[in-house]
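First the structure, in the form of structure tokens, and then the observations on it.
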Amino acid sequence: MPHNDLRTLVTRRTFLRGLGLMSASAALSACAGGGQGAAQTTVAPLLAIIHTNDTHGHDVAVEATEDVQGNFSMAAVAALRDEWVKKGYEVLLVDAGDATQGMPLVDTSKGTPAIAFMNACQYDFMVVGNHEFDWGPEALAANEEAAEFPFLSANVLVKETGERRFAPNKVFELTDGTKVGFFGLTTPSTLTTTSPRNVKDFSFLSKDDLVACAQAQVDELRGQGCALVICVGHLGNEEISESTSKMVIENVTGIDLFIDGHDHSEVQEDVAGTLLVETGCFLHNIGVVAIDEGVPTGELVAAGTYDGIDDAVQAIIDKEDERVSSEMNVVLGSTPYFLDGNRDPGVRTQETNLGDFVADAYRWMASTELGFEVDSAIINGGGIRASIEKGDISLGIIKTVNPFNNDLGVVKVTGAQLLEALEAGCQAIGTDSAMGGFPQVSGITYTIDASVPYEGGQAYPDSEYLAPAAPGTRVTITDVAGRGFDEGETYTLAASSFLCEGGDTYYAFKAAAEAERPVTFGFDYEALVGYLVEGCGHEVPAQYEGPQGRITITGLE
């Protein structure tokens, strides 16, 4: 149901209830009932749930321009929270994951500044996102210990013991004694969307097991007397995933509200009678769900439409920003062109000039370090996290584009392994999803026929991604390093440790790396620094004004 229709539905039901034509419990069941027979109960006090997701370290306010979408400061979240308290609401502040990675502001200290900002805002809890694992299990544990609020997730298990890694749920009691229960879910794609080494000790319940886990949480919270049961998930609704928020809503009885994250979508939607909300990403919006007599009404407060600031929180952010900026503001070069690192359309769905530049940088760095011309390079589109605007390029901008500090190395792959990797990485092309595995390339020319459906075989180990049943069905490689293409030939390829460990869809590279250990050198972002400064003489050259025709996509409607 479209957002406007949902608002009309909620307003009409509130109106009918006011006339005595609809009970509050019936309104709750109809509008916020999980579509599968939610409890016939109401919440009498006014309750506001303020929610964020996928902030990714964008905690400093950015003013909108013609080319840049503005975002809030995290201090605005604290101010908005206080405003709803002053309106007479009981307020809960929650985050749906991916707060501790993404910008130098939080990356230089492995996410701890994000936790400090959230502590200052008085968050009530956060759900663990896939990128909370990016700094490794020790840093994750340190961030969890530093947080003055719990990390929730019901479906992350410790492999060795089978026990939950995080608290599964939390119950809040309102002033009149009404109980509101929350539980958290984390995307099973974490196994391949963070470096596999970071999650090797964990398992993630998915598909039917995820549904069973969610139903058990609902039942447990209802058993504790919760009048409202709310799931906060970091699941998203990407078409290629079988473990989405909508799938959970449609198969679980009794979820009254679902607050989501992960796929960076702006959502205010009725799904099988349950309100599903998501703010997008990067603090472009702050989400508010107001619950009046059990009926939830969602809204997105867009950057630029609210100017409240909590001065105490802002002071904490400013101090950390000043420290990091002194390191990151060093100018390394410039670009006369906009370099496209957008998500969709962008680096996850098509060749872009920034994808070409980053892949070329990897190949240049590898060739320079090894003393011979490396055949090719690949960067997964999900590894490129931001665009580069026209003008100066600082170290901070480079580290925003490539924030993960993955090792860069060279692995030997067969033509067959390369074809499998490209076929798997392009599996979402022709669907409504944008997949992080999409291959941006250097030294490779290939074509995708989107009119041919992706034919998946067995799922890759510890993954929801299906390996291609017949590599080459949709993808045709026409050239590698100017030598044509042969499945039986061996090629040198520069890639991040993330890909060589089987991240995203690149299990073929993991097999190659296990057969012969890759030669590694430096971090991936250092390749961009070296290529810009030494390879390009501090200025992005004219060849990157647009995409260079390395990737051709046919068969799109």
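Please treat every number below as a calculation from the coordinates, not as lab data. Nothing here was measured: the structure is a model prediction, and the numbers come from that model. Backbone-built Cβ (ideal geometry, glycine too); neighbour counts: all protein chains shown.
Brief remarks follow.
- Taking other C-beta atoms within 10 angstrom as a stand-in for reagent exposure, Ser206, Ser325, Ser245 fall in the order Ser325, Ser206, Ser245, fewest first.
- Likely footprinting exposure, Cys213, Cys231, Cys121, fewest C-beta neighbours within 10 Å first: Cys213, Cys121, Cys231
- Our coupling estimate for segment 396-403, obtained by passing each phi through the Karplus curve with A = 6.51, B = -1.76, C = 1.60 and θ = phi - 60°, is x, 5, 4, 6, 6, 5, 10, x Hz, Gly and Pro reported as x.
- Applied to segment 157-173, the Karplus parametrisation 6.51 cos²θ - 1.76 cosθ + 1.60 on θ = phi - 60° returns per-residue 3J(HN,Hα) values of 10, 7, 4, 5, 10, x, 7, 5, 7, 10, 4, x, 7, 8, 10, 10, 9 Hz, with x for Gly and Pro.
- Using R0 = 35 Å, the C-beta based FRET efficiency linking Asp201 and Lys412 works out to 0.75.
- Shape of segment 88-206, Cα gyration tensor, a/c cut at 1.5: oblate
- For segment 469-530: span of alpha carbons on each principal axis (Å, largest first): 35, 26, 21
- What the Kirkwood sum gives for segment 221-292 is a hydrodynamic radius of 12.8 Å, with every pair of different alpha carbons counted.
- Treating each Cα of segment 330-554 as an identical point scatterer and summing with the Debye formula, the log10 of I(q)/I(0) at q = 0.12 Å⁻¹ comes to -0.57.
- Shape annotation for the chain: C-alpha extents along the principal axes are 77, 50, 47 Å, from largest to smallest.
- Relative contact order of segment 423-548, defined on C-alpha pairs under 8 angstrom at six or more residues apart (%): 20
- Neighbour-count ranking [beta-carbon atoms within 10 angstrom, fewest first] of Glu299, Glu423, Glu66, Glu464: Glu66, Glu299, Glu464, Glu423
- Between the alpha-carbon centres of segment 49-121 and segment 345-374 there is a gap of 33 Å.
- Phi angles of segment 247-252 translate, via the Karplus equation with coefficients 6.51, -1.76, 1.60 and θ = phi - 60°, into HN-Hα couplings of 4, 5, 4, 6, 10, 10 Hz per residue; Gly and Pro are given as x.
- Span from the segment 474-505 Cα centroid across to the segment 165-225 one, whole angstrom: 38
- Checking the Cα-Cα distances for Lys87/Lys246; Lys110/Lys412; Lys87/Lys170; Lys170/Lys246; Lys200/Lys399; Lys87/Lys110 against a 29 Å cut-off, the pairs over it are Lys87/Lys246; Lys110/Lys412; Lys87/Lys110.
- Global form of segment 257-385, assessed from the alpha-carbon gyration tensor, a/c cut-off 1.5: oblate
- The chain - share of DSSP beta bridges that are antiparallel (%, nearest 5): 65
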